[in-house]
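Comments concern the structure below.
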Amino acid sequence: MRSPTEVLDDHLRRAKEGDLEGDIGANYADDVVLIDRETVRRGHAGVRDAARQLAGELPDASYEYVTTHVDGEIGYLQWTATARGARVEHGTDTFVIRDGLIRAQTWYYRVESD
């Protein structure tokens with residue numbers, strides 16, 4: 001069984017590599033719940049939908065992971081992104097990681113124009 005730190009590290013590595021399907025299969029529970037400022041999404045289809053939204057708002061973005069912390073089942077990520085004509089200065093994600101899988105995730109970011 002992977003630790004929450006191992007799951008979060010693998011998620012971030014796969015995200016940087018653009019391996020969405022590998023990330024979903026390896027790191028997300030089938031019944032994951034994703035919550036953001038606009039909606040609640042569920043399951044692997046919800047992860048794909050959230051990824052499409054982010055890619056649409058930040059096309060061809062490069063991400064920097066500023067801070068990561070894991071305490072027990074809770075993981076925290078602070079990130080920045082730079083894309084064509086847009087950027088995110090302060091993005092955050094919080095994860096609930098149990099039994100080797102992400103069970104819940106919340107995130108917040110604000111896209112700014114360059």
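Name the single residue, out of those in region 8-30 being out of contact with any Gly (no Cβ under 6 Å at 6 or more places or on another chain) and aliphatic (A, V, I, L, M), that is farthest from residue 63 (Cα to Cα). Per the criteria, the residue is 29. When 70, 7, 47, 88 are screened for being touching a helix residue (DSSP H, G or I) at 6+ places or on another chain (Cβ under 8 Å), surrounded by 14 or more Cβ atoms within 10 Å (Cβ to Cβ) and part of a strand (DSSP E or B), only 70 passes.
Being more than 13 Å from residue 105 (Cβ to Cβ), surrounded by 15 or more Cβ atoms within 10 Å (Cβ to Cβ) and out of contact with any Asp or Glu (no Cβ under 7 Å at 6 or more places or on another chain) is a property that residue 20 has. Within region 50-62, the only residue that satisfies the criterion of being of a type in the set (A, V, I, L, M), over 13 Å from residue 109 (Cα atoms) and outside any helix (DSSP H, G or I) is 61.
Scanning region 86-107 for residues that are in contact with a Lys or Arg (Cβ under 6 Å, 6 or more places away or on another chain) and either of a type in the set (Lys, Arg) or in contact (Cβ under 8 Å) with a residue 60 or more places away in the chain (or both) yields one hit, 100. Residue selection: residue 28 fails the criterion of being within 26 Å of residue 3 (Cβ to Cβ), of a type in the set (Phe, Trp, Tyr), without any contact (Cβ under 8 Å) to a residue 60 or more places away in the chain and surrounded by 12 or more Cβ atoms within 10 Å (Cβ to Cβ). From the list 103, 87, the one residue that fits, being at pLDDT 95 or above and more than 25 Å from residue 44 (Cβ to Cβ), is 87.
Could you run through region 10-44 and say how many residues are at pLDDT 95 or above, in a loop (DSSP other than H, G, I, E, B) and not charged (D, E, K, R)? So the answer is 1.
Screening region 32-69 for residues that are touching a residue at least 40 places away in the same chain (Cβ under 8 Å) and of a type in the set (Asp, Glu) and picking the one that is farthest from residue 97 (Cα to Cα) gives 57. Within region 52-67, being surrounded by fewer than 17 Cβ atoms within 10 Å (Cβ to Cβ) and either among the aliphatic types (A, V, I, L, M) or at positive phi (or both) holds for 55, 60, 66. Counting only residues that are assigned to a strand (DSSP E or B) and touching a helix residue (DSSP H, G or I) at 6+ places or on another chain (Cβ under 9 Å), which one in region 97-114 is surrounded by the fewest Cβ atoms within 10 Å (Cβ to Cβ)? By that ranking, first place goes to 98.
The values are calculated or read from the model by the stated rules, or taken from the named source; none is laboratory data. Keep in mind that what you see is a predicted model, and the values were worked out from it rather than measured. We place every Cβ from the backbone using ideal geometry, glycine too, and count neighbours over all the protein chains shown.
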